[in-house]
1. Check whether at least one residue in the range 495-518 is touching a residue at least 60 places away in the same chain (Cβ under 8 Å), of a type in the set (A, V, I, L, M, F, W, C) and surrounded by fewer than 18 Cβ atoms within 10 Å (Cβ to Cβ), and report yes or no.
2. Going through the range 77-111 one residue at a time, which ones are over 33 Å from the mean Cα position of the chain (by Cα) and not in a helix (DSSP H, G or I)?
3. Which members of the range 38-54 meet the condition of being under 24 Å from Leu13 (Cβ atoms) and surrounded by fewer than 22 Cβ atoms within 10 Å (Cβ to Cβ)?
4. If I go through the range 386-413 residue by residue, how many of them are out of contact with any helix residue (DSSP H, G or I) (no Cβ under 8 Å at 6 or more places or on another chain), part of a helix (DSSP H, G or I) and free of Cβ contacts under 8 Å to residues at least 60 places away in the same chain?
5. Quick test for you: out of Val448, Val430, Val368, Val440, pick the one residue that is out of contact with any Lys or Arg (no Cβ under 8 Å at 6 or more places or on another chain), free of Cβ contacts under 8 Å to residues at least 24 places away in the same chain, among the hydrophobic types (A, V, I, L, M, F, W, C) and not assigned by TED's automatic domain parsing to the domain that holds Pro49.
6. Applying the selection to the range 287-316, what residues are under 19 Å from Gly35 (Cβ atoms), free of Cβ contacts under 8 Å to residues at least 60 places away in the same chain and of a type in the set (Gly, Ala, Ser)?
7. Is there a residue being assigned to a helix (DSSP H, G or I) and under 17 Å from the mean Cα position of the chain (by Cα) anywhere in the range 422-436?
8. Determine whether Arg541 is modelled with pLDDT of 85 or more and assigned to a helix (DSSP H, G or I).
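The values are calculated or read from the model by the stated rules, or taken from the named source; none is laboratory data. Because the structure is a prediction, the values reported are computed rather than measured. Every residue, glycine as well, gets a Cβ built from its backbone with ideal geometry; the counts of neighbours run over all protein chains shown.
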Amino acid sequence: MTERPRAGLGRVLDDLGTTLLDLVCGDPEKADAIGGVVIHDPLDEPVLPRQALVLGVGVHDGAETARLLTELGAAGAAALVVRAPAPCDAAVTAAAQRAGVALLALTRGASWAQLASLLRSLLAEGDVGEVGAQTLGGMPSGDLFALANAVAALLDAPVTIEDRSSRVLAFSGRQDEADPSRVETILGRQVPERLTRMLEDRGVFRSLYRSDQPVEVDPVGSDEFNLPRVAIAVRAGDEILGSIWAAVHAPLSAERTQALCDAAKLVALHMLRQRAGADVERRLRADLVGTVLEGGPGAAEALDRLGLADQAGVVLALAAPDRSPSQEPASAALHARHTAERQRLADAFAMHLSAVHPRAAAALIGDVAYGILPVARHQHDAEERAARVGADFLKRIGERRKPLIGIGPAAPDGTALARSRGGADRALRVLRAKAGTRHVARMADVHVEALLLELGDLAAQRGDRPTGPLARLLAYDREHDSCLVETVRAWLNAFGDVAAAATAMYVHQNTFRYRLRRVTEVGDIDLSDPDARFALMLQLRMLPRQESPGATAPLAEDASPAAPA
C-alpha cells in the first residue's frame, strides 16, 4: 500500500492539457484535490462540493465569466472551464485572482460530455475506500492515465490505451506531436469509424489479435494519418482486453519493443483491476451507505469515506410496489431475474443522482435502493428538490418499470441522515400500502397515513381486536353475509353524502339509506355524534380490508328499500 492523494488541478492539466484544456489565468497549484465535476446551470444552481471543477457550458461573455468566477470563489470552487477562446481581459483576470479560481479553456471541437467523462475517470480513483491505494508495477492501481504517460516516456512517443471497440480509455501527453487523426481520436475519445474500417480492411486488427508481439501499421499517405503506428494487444490469458497504440516517427528499437511487450502485461493487470474493482466498489459503497443510514459509532468514518462529512442531505428510498401473491417469483430463475432487475434499477438511480450532485451516494440494501442527495445547508426547499429529482428519474425510466420513491426529512448534517432514512422508509411504506397514481411522496405529505399504519402495527402486536360498534357490525356481516361495514365506510368517506356513497357501492339511494339505518341499529351507534364517528373512522382505517366480510364480495343492486341488508 502507498498513499495517493486525490487528483488535483495540476494533475488534470498534466493529463488533459495541450490536447483538451489550456490554462487561461489563475494558479492551478492552489487546488490540492478536486472535490468533483459540476455542470453550471444558471436556472437551477447546483450544490458545489469543496474544490469543485465547474463546467461553464454556454458561458462566453467576459462580464458573465467574471461574475461567475466571483460566485465560485465564494463557494470554494477550484476552477471554471469555458469554451475556447476564453475571455481574458483585465476584469476576468482580476476576478480570477480575487476569487482564487483558475480559468481553463476547452479546445474547440471537443465535447463537453467527453470532457466530463474524462475528468470523472481521473477523479474517480480514491473516491471510495481506503486512503492508501494499491499499486501495480509501481503505478497506482487502475490509473491508466499515469500508465499511459509512463509507457509514452519509455517509447518516446504519444500513446493511447483502447478497449476492443477502439474507445480510448486513457492517453498520454504530447498528443500534439501526432497527426490530425490521433488528435481527432482523443477529442472524440473514439477512433473515427472511417479509420477503423480502413484498419479492418488492411487486416490490422486480425494481425494484432493473433500475435503477442507489436504490430507495425504504415501510414495511409493522407494528411490526417501520416505517422506510422506501433500497436500491441493487451491480453489476460486468452481474453483480449484492448490494445496500446503509439504514434512513432521511426521503428522501435529492440529495447523499446521489449518495453512495449512488458507494458502490455502491466496494462492488462490494471484493466483487470479496474473491472474487478467495479463490483468491489459497489459492495463497499453499499456497506458505507448502510453504515451511514444506520447511524451509530461507525457512521462518522463512513461519512468521511463517502465525502459527505460536511454535507447536509436528504435520503431517498426507492423500491418496486408490493407484489400480490400471484406475482411472486415462482422459480429460482425468475427470482434471479427480479434480483438483477432491482440491481439495474439501483444502478440507474445512482447514476441519476450522481448527475444531479457529484457527491451523491446510492446503494441497494435489501430490496430498497437508498440515495443520499447532498443539499445546501439551510436550504428551505431541500425536500421539494429531492422530490423533483425523484420525479425526474421516474419520467426517464418510462412507464414499464414504475417504482415508488419515499423522501425523508432534510438532515442538517451527516449525523441526522439516519433520521432522514427513517422518514423515507415510512413514506415508502405508505406508497406501497396505498397503491394508486402517486409514486413519489415526502414524509411531510404522508405523515398522518404513516401514523395510522404504525398504530395498526401496535394494535396487531398487542393482539387488539375491533371493539364496540365496529365489532358488532363485523360479527353481523359474518353471520348474515351482509355489508354493513362497507356501507358505513362508504358513508364516512363521502362525508355523509348518501348519493355519492350509494354510487360508490353501486346500490340505489333508498337501499343505502335502509342499510345505514341497520348500521345504527346493529352497531348501537349514534352517527350524529362526532366523537363516535371519529372512533369508527379510526378503527376502520386500522382495519385490514380482508377482515371486512363484504370487502371483496360483489355488490348487487337492490331494487327495493326493504331488501335485507
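1. no
2. Pro85, Pro87, Cys88, Asp89
3. Here is the first cut: in the range 38-54, the residues under 24 Å from Leu13 (Cβ atoms) are 38-40, 46, 48-54.
Selection gives Ile39, His40, Pro46, Arg50, Gln51.
4. So the first thing to find is which residues in the range 386-413 are out of contact with any helix residue (DSSP H, G or I) (no Cβ under 8 Å at 6 or more places or on another chain), and the list is 386-388, 390-391, 394-395, 398-400, 412-413.
From what's left, part of a helix (DSSP H, G or I): 386-388, 390-391, 394-395.
Filter once more, keeping what is free of Cβ contacts under 8 Å to residues at least 60 places away in the same chain: 387-388, 391, 394-395.
Here the count works out to 5.
5. Of Val448, Val430, Val368, Val440, the one residue that is out of contact with any Lys or Arg (no Cβ under 8 Å at 6 or more places or on another chain), free of Cβ contacts under 8 Å to residues at least 24 places away in the same chain, among the hydrophobic types (A, V, I, L, M, F, W, C) and not assigned by TED's automatic domain parsing to the domain that holds Pro49 is Val448.
6. Passing the criteria: only Ala302.
7. yes
8. Spelling it out, it is not the case that Arg541 is modelled with pLDDT of 85 or more and assigned to a helix (DSSP H, G or I).
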